[in-house]
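Data block below; observations after.
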């Protein structure tokens, strides 16, 4: 990865937050003085609804090919890669020839886009069939041991997304400094630290995606309140604006924001908090709200 001095932010919901993401990317381009210096959008991640390879959060529905082409080309014209979350932890060989998922990959196969992976069987298939994508090791692998992360960095991954339980682990952060530019850090995870059911929860979301089953609720022991950015800031893994500079100074420059399956207001608050200068937030908030209302017809 080139050391261009920029700090990259990876934003959620390229499909679900299509308008919000377009607006914030355009505002960053047109009003750089209102955003923190050297910030850029490194990717927009997520899935098209109904893709069985998708993991992390089950997303149901279907997207027509023409709409896929429009969404992908819109981001790519803005210089932003679309990143597919192909992290379903239950994928086997029988799922590899899925017509819809392969259509998505062919539609995005222009050398500008990315894929998050966690299953060797799918990763091997994708690398062979679609070598022009950048491949990224997903946080859903739940690698919390330093040695495992270091082994991951020895592989041919464009980036390795750090498990959020390591966000403040000084030993790990220090040891990974030589590879900091290839590490992506999830700064605002809503889930609780050290959750013993996290991998089980990922598997449950994967099952729902494969079976097109959305009628169940995972019995999360930490589910207490409706997700909010204020609640998120109380989590131990949260990295505040004040702390962020210390990570950048050490060479970390890829940061990921959560949002898949979360309320748009929470996602908008995270964008304002992390990307926008404090004294410019009300101006950008008005711009976001007014443009969203105009594009969606909701006022």
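None of the figures in this text is laboratory data; all of them are computed from the coordinates on show. This is a predicted model, so every value here is computed, not measured. When we count neighbours, we look across all protein chains shown, and the Cβ atoms used for this are built from the backbone with ideal geometry, even at glycine.
Cut-off 17 Å, label point 7 angstrom out along Cα-to-Cβ of residue 179: give me the residues of segment 129-154 whose amide nitrogen falls inside. Correct set: 135-154. Note on residue 197 and residue 67: the extension gain reaches 43.2 nm, defined as 0.36 nm multiplied by sequence separation minus the Cα-Cα distance. The value given for segment 1-155 is a Kirkwood hydrodynamic radius of 16.5 Å, derived from the mean inverse Cα-Cα separation.
Assuming 0.36 nm per residue, please report the length gained on full extension of the stretch residue 33 to residue 77 beyond their Cα-Cα distance. Working shown, then result.
Values: separation 44, 0.36 × 44 = 15.84 nm, distance 2.23 nm.
Working it through step by step, the gained length comes to 13.6 nm.
Over the chain, what is the mean sequence separation of C-alpha contacts under 8 Å (at least six apart), divided by residue count, expressed as relative contact order in percent?
Values: 463 pairs, mean separation 66.1, N = 299.
In percent, rounded to a whole number, it is 22.
The distance between label points at residue 93 and residue 146 comes to 4.0 nm (points 7 Å beyond Cα on the Cα→Cβ vector).
Once the Cα-Cα distance is subtracted from the 0.36 nm per residue extended length, the residue 264 to residue 285 segment shows a gain of 6.3 nm.
Diffusion of segment 7-296 by Stokes-Einstein, at 10 °C in a medium of 1.306 mPa s and with Rh set to the Kirkwood radius over alpha-carbon pairs, works out to 82 µm²/s. Put simply, when 289-296, 173-180, 86-93, 41-48 are sorted by average Cβ atoms within 10 angstrom per residue, most first, you get 41-48, 86-93, 173-180, 289-296.
Output the relative contact order of segment 1-90, whole-number percent, from Cα pairs under 8 angstrom with separation of 6+ residues.
Numbers: 113 pairs, mean separation 29.2, N = 90.
It rounds to 32 percent for segment 1-90.
A crude spin-label estimate for the pair residue 130 and residue 250, with each label 7 Å from Cα along the Cβ direction, gives 3.3 nm. Based on DSSP H segments of at least four residues, each scored -39500 (n - 2.57), the chain has a per-residue ellipticity at 222 nm of -11500 deg cm²/dmol. Most simply put, segment 7-296 has about 5% antiparallel DSSP beta bridges, counting only bridges with both residues inside it. Between residue 169 and residue 207, the modelled labels are 2.8 nm apart [label points 7 Å from Cα along Cα→Cβ].
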